[in-house]
Every structure is written in structure tokens, then in C-alpha cells.
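Below is one structure, written out as C-alpha cells, with a few remarks after it.
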Amino acid sequence: EAGVAQSPRYKIIEKRQSVAFWCNPISGHATLYWYQQILGQGPKLLIQFQNNGVVDDSQLPKDRFSAERLKGVDSTLKIQPAKLEDSAVYLCASSLPSGRASDTQYFGPGTRLTVL
Amino acid sequence: GNSVTQMEGPVTLSEEAFLTINCTYTATGYPSLFWYVQYPGEGLQLLLKATKADDKGSNKGFEATYRKETTSFHLEKGSVQVSDSAVYFCAQGAQKLVFGQGTRLTINP
């Protein structure tokens, strides 16, 4: 079974530039999550989708971050404009359709973003 | 709010030593509890979980018991191997998954 796919794996940009990350979840997983993991910290949830609807985006900095999940499969996370403090690993995860917090989440390899 | 506090690392042990990584949580209600592991160069993967009080999760020789009275979910292994070197994250899931800061474990031969 294929895992969660993410691209690119690495990205280096200048501050104030924009960047986009892509995620393809495990087939059949209706729930998709984006996390931000700053060096030395645990992952922090940015946004959770159930199919193509947003369940929780309370920690998403909406003035610069946006995410979409068209057709309830792939998802894109965008940052515009980027700040130095956005340097982190961006993780995508997916889980079975129930969307309960007790469900096992399956993580992709992440995208490491460096903002200079 | 909901939070997780983990034993600070890094932790360095010799092969075959006994391992404990402490984890405590604060939450409203009764969250599910998880240990995730991140091996070098790889993504996060679930190690074990427990969904209610007194449940014991186990996998690959690791164990953790959901202790409601002490709000803890300590990770233990009786005899660690070099291949267990990784970063370990405790997490709790009530409305959403909340992670601790991670504990880096290094096992020396």
C-alpha cells in the first residue's frame, strides 16, 4: 500500500516570497491534516480536512497561509508571503474516514522549508 | 488547554539497557494516547496507542500504560537496541492530536 506522498522534499526561498506544498494521502483516507514542525518541537496542527471540507483551521495563520483540498483527495498548502519564522518541516498526514482523534494518522516524509 | 509534556532529551543508553521516557498530559475529557517514532531520515510513524484508562499499548518490545490517575503514558522497553535510536513523540488526541516536544534517543553498541 502506498503511503502519504509529499513534494517537494526541500525548499529554500527568500522572505516575502511565496511557496506551495503538495500532498497526496493514502487511497481511501477521507481525513487529511497539515502540521508544522519547528526544529526541536513536536508537530502542531495547522488544518484538518474531512473530504474537501475544513474541520479545524484554528491554528492556521490565515493572513499568510492557505490550504485547499479540491475533490477531496490531493491537498495544497500555500504560504504567501513567507517569513523567517515559517522555516520548519511541513507534514501531511491522513487517516480513515471517521475523523476521530483516536484514529491512527499516517504521515508523509515532510517538506523542509528554509526561509532566508 | 490540552497539552503534553515529555521527558527532555537527549537520552543516551547502552545496548540492552532498560528504557523509560516519561510523558504526562493535561486534557479535558479522556483522550486517546499515542507514541509516535521518527527514525533518521524518515517520517513519523505510530509506535503504539491506548484509547482508554488502564489500556496497555505495545509494539516492537515497547509498552505504555494509560494511567488516568496520574495522567501519564510513560514509554518503556526492557532491552534497547541500536536500531531503536530515533526521536520519540508522545501525543494525545481529544478533539485533535497534540504532540509533546519529542525525546531524542541514542543507543550505543
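Restricting the search to region A:15-47, which residues are without any contact (Cβ under 8 Å) to a residue 24 or more places away in the chain and in contact with a Gly (Cβ under 9 Å, 6 or more places away or on another chain)? Break it down stepwise before answering.
Filtering region A:15-47 for residues without any contact (Cβ under 8 Å) to a residue 24 or more places away in the chain gives A:40-42, A:44-45.
Hits for region A:15-47 are A:G40, A:Q41, A:G42.
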Kindly evaluate B:L44 against the criterion of being more than 13 Å from every other protein chain (Cβ to nearest Cβ) and either crowded, with 16+ Cβ neighbours inside 10 Å or more than 13 Å from the chain's Cα centre (by Cα) (or both).
no
Exercise. Going by the structure shown, is A:S75 in contact (Cβ under 8 Å) with a residue 12 or more places away in the chain, away from chain B (no Cβ under 14 Å), within 13 Å of the chain's Cα centre (by Cα) and surrounded by 15 or more Cβ atoms within 10 Å (Cβ to Cβ)?
Worked result: yes
Of the residues in region A:13-42, those that are closer than 16 Å to A:Q80 by Cβ and either surrounded by fewer than 19 Cβ atoms within 10 Å (Cβ to Cβ) or not β-branched (V, I, T) (or both) come to A:I13, A:E14, A:K15, A:R16, A:Q17, A:S18, A:A20, A:F21, A:W22, A:W34, A:Q36
query = If you check B:E69 against the conditions, is it over 16 Å from B:E8 (Cβ atoms) and touching an Asp or Glu at 6+ places or on another chain (Cβ under 6 Å)?
reply = no
* Is it true that some residue in region B:96-103 is within 29 Å of A:V4 (Cα to Cα), part of a strand (DSSP E or B), of a type in the set (G, A, S) and within 15 Å of the chain's Cα centre (by Cα)? -> no
All-but-one check, B:K49 against (1) on the phi > 0 side of the Ramachandran plot; (2) facing another protein chain (nearest Cβ under 9 Å); (3) without any contact (Cβ under 8 Å) to a residue 24 or more places away in the chain, failing number (1)
Across region B:57-69, the tally of residues that are closer than 18 Å to A:T104 by Cα and either part of a strand (DSSP E or B) or away from chain A (no Cβ under 14 Å) (or both) stands at 8
Please verify whether region B:2-20 includes one or more residues that are surrounded by 13 or more Cβ atoms within 10 Å (Cβ to Cβ), more than 25 Å from A:S95 (Cα to Cα), under 10 Å from the mean Cα position of the chain (by Cα) and not aromatic (F, W, Y). yes
Counting only strands (runs of 3 or more DSSP E) entirely within region A:9-116, those with at least 1 residues that are within 17 Å of B:G43 (Cβ to Cβ) are A:10-13, A:19-24, A:31-37, A:44-50, A:75-79, A:88-95, A:111-115
Checked region B:83-109 for anything among the basic types (K, R) and more than 9 Å from chain A (Cβ to nearest Cβ); matches are B:R104
Within region B:28-49, the count of residues that are more than 27 Å from A:V89 (Cβ to Cβ) and modelled with pLDDT of 95 or more comes to 0
(request) Answer yes or no: is there a residue in region B:70-82 that is within 14 Å of chain A (Cβ to nearest Cβ), assigned to a loop (DSSP other than H, G, I, E, B) and within 11 Å of the chain's Cα centre (by Cα). (result) yes
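The values are calculated or read from the model by the stated rules, or taken from the named source; none is laboratory data. Computed from a predicted model, the values in this text were never measured in an experiment. Virtual Cβ from ideal backbone geometry, glycine too; neighbours counted across all protein chains shown.
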